[in-house]
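As structure tokens, the structure follows; a few thoughts come after it.
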Amino acid sequence: MKKNGFTLIETIMAVVILASGLLLLSNSWSGSFMRLRKTQLSTEVSALLERKMVEIEMEYAGKPLDSIPEEKEDDFGSEYPQYSWKMETKEFEVPDFSATLTAQSGGADEMTLTVMKTLAEHLGKSVKEVKVSVIYKGGKKPLQFSATQYFVDYDKEIQLPAMPGAQ
């Protein structure tokens, strides 16, 4: 007796092999889709962050540092509804080098310490740190991407202290 056809075991094995192949293929596609989505998000965020940094630079270039507000925020309009931006500013903080200078062999004299303190105060008043953040609100939780820029007032004159013994 000759049998034509497939046995139940052969059919089940074929279905298992087919299902495994489809599963691997779908995982590959979903992984590619996720990488593509992350790349698209990174590209959009980079472009929006660069655009906002240029806008802020153009808005405050050549103006006194005091005209730059401490905080400012908005969205990107209907073109990018899932994104918003925020700007935060603060005065530039120069580290105190007096302890380092006095710890060196021979230490530092009073005039050197005074000059360093004056220079640090001048830089603090002449430089403003501006941090711009782009917030993406399209996922499970908001993602924030930031860039920092420094505005410098090159026209601010340094106020030198009176030197003892100078005429």
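Data overview
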quantity: Anchor Lys90: lysines whose Cα lies under 30 Å away (excluding residues fewer than 8 positions away in-chain); calculated: Lys52, Lys63, Lys72, Lys117, Lys125, Lys128, Lys131, Lys137, Lys141, Lys156
quantity: Difference of contour (0.36 nm per residue) and Cα-Cα distance, Glu55 to Glu110; calculated: 15.3 nm
quantity: Residues Thr43 and Glu70, FRET efficiency given R0 of 25 Å [Cβ-Cβ distance, rounded to 0.05]; calculated: 0.25
quantity: 0 to 90° range, to nearest 10: angle between helix 110-126 axis and the chain longest Cα axis; calculated: 50
quantity: Student exercise, the range 8-152 dipole from Lys, Arg, Asp, Glu Cβ charges, in Debye to nearest 20; calculated: 720
quantity: Residue among Leu18, Thr114, Thr89 farthest towards the positive dipole end of the chain, charges placed on Cβ; calculated: Leu18
quantity: Mean ellipticity per residue at 222 nm, deg cm²/dmol - from DSSP H runs of n ≥ 4 across the chain, formula -39500 (n - 2.57); calculated: -16000 deg cm²/dmol
quantity: Bins of 10 Å, starting at 0 and running to the largest distance - Cα pair percent for the range 40-167; calculated: 11, 31, 23, 17, 12, 5, 1
quantity: Positive-end residue of Leu36, Met58, Ala99, charge dipole of the range 8-152 with Cβ unit charges; calculated: Leu36
quantity: Compactness of the range 14-108, expressed as Rg and Dmax over alpha-carbon positions, Å; calculated: 26.0, 86
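No value in this document is a laboratory result; all are computed from the given coordinates. Treat the numbers as computed from the prediction; the structure is a model and nothing was measured. Virtual Cβ from ideal backbone geometry, glycine too; neighbours counted across all protein chains shown.
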